[in-house]
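The structure under discussion appears below in the form of structure tokens.
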Amino acid sequence: MLPVKDLAQLGQRVAATHGWSAAKAFKAYSWGEEDQATIAACAADVLRVFPKQAGTESLLNATLAIQFERRLQKPVHLVAGTLSVDGVPVRGDRMPFDGASVFAAAEPAWPGHLWVMVGPHVVDAAIFRSANSPDCPPALARHVHSVFGSDKALYADQWRRSRRLGLEYEPQYVLSADDVTRLMAAAYRLMTERGQ
């Protein structure tokens, strides 16, 4: 699927995997201070226990999505697409893909980026973990360190406002509940193997 350019198109992608009532709730949601505090606390809890292992950034954001959904009970969705820095793709290539097929695998081999959306707000911890990883695209690492510094762990902002910081989240597919469950199973295996 091609990247979407506006909230109405993104709502259609939410509807395709979650139904029209979910899409309506997604577009209507606006977070308040209490929700933002819950997101920050939840992310801190997840980041404390999630392994710092290269190549697991998608599983990290999947884990965040599940935890946000449990604690917020708000419209939370995991989104797949292309992440660009100053208009140049650094994760993903903007090429159409069949999201249902890609995410039917237990551990999909897919070069794009996954991030969480709480209503029309992006929440992403993966860019910070990735920026400190040896396999990170140099343009992404430079951008994250120069714009945010090396001590940040979570990016959260309105989807459309991310462009002012040079980041562009280009949604192509909104993962279904089954897709997220499969990723969460892989994340759980990763976390339990680490504990052994």
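Quick notes
- Within the option set 55, 32, being without any contact (Cβ under 8 Å) to a residue 24 or more places away in the chain and surrounded by fewer than 16 Cβ atoms within 10 Å (Cβ to Cβ) holds for one residue only, 32.
- Condition check for residue 124: free of Cβ contacts under 8 Å to residues at least 12 places away in the same chain and closer than 27 Å to residue 100 by Cα: no
- Applying the criterion of being over 17 Å from the mean Cα position of the chain (by Cα) and modelled with pLDDT of 90 or more to the residues of segment 1-17, the residue that is surrounded by the fewest Cβ atoms within 10 Å (Cβ to Cβ) is 12.
This table checks each residue for (1) closer than 18 Å to residue 10 by Cβ; (2) buried (at least 23 other Cβ atoms within 10 Å of the Cβ).
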| residue | (1), (2) |
| --- | --- |
| 81 | yes, yes |
| 107 | no, no |
| 117 | yes, yes |
| 124 | yes, yes |
| 132 | no, no |
| 143 | no, no |
| 153 | no, no |
| 170 | yes, no |
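- Residues (in a helix (DSSP H, G or I), polar (S, T, N, Q) and in contact with a helix residue (DSSP H, G or I) (Cβ under 9 Å, 6 or more places away or on another chain)) located in segment 22-67: 38, 58, 61, 63, 67
- Residue list for segment 121-158, filter: polar (S, T, N, Q) and in a helix (DSSP H, G or I): 130, 146
- Selected residue (criterion: nearest to the chain's Cα centre (by Cα)) from residues of segment 65-120 that are under 22 Å from residue 37 (Cβ atoms) and among the aromatic types (Phe, Trp, Tyr): 115
- Annotation note: Cβ proximity below 7 Å between a residue of segment 170-188 that is among the acidic types (Asp, Glu) and a residue that is crowded, with 18+ Cβ neighbours inside 10 Å and in a strand (DSSP E or B) (sequence gap 6+ or interchain) occurs for 170/81; 170/82; 170/84.
- Any hit, segment 89-107, residues being touching a Lys or Arg at 6+ places or on another chain (Cβ under 6 Å), touching a residue at least 40 places away in the same chain (Cβ under 8 Å) and closer than 27 Å to residue 25 by Cα: no
- Taken across segment 121-130, residues that are modelled with pLDDT under 95, over 14 Å from the mean Cα position of the chain (by Cα) and not small (Gly, Ala, Ser) do not occur at all.
- Residues that are modelled with pLDDT under 95, out of contact with any strand residue (DSSP E or B) (no Cβ under 9 Å at 6 or more places or on another chain) and part of a helix (DSSP H, G or I) do occur in segment 91-101.
- Residue within segment 165-180 that is more than 27 Å from residue 6 (Cα to Cα) and either of a type outside the set (Phe, Trp, Tyr) or more than 12 Å from the chain's Cα centre (by Cα) (or both) present: no
The values are calculated or read from the model by the stated rules, or taken from the named source; none is laboratory data. Note that the structure is a prediction, hence the values are computed from the model and not measured. Using ideal geometry, Cβ is built from the backbone for each residue, glycine included, and neighbour counts are taken over all protein chains shown.
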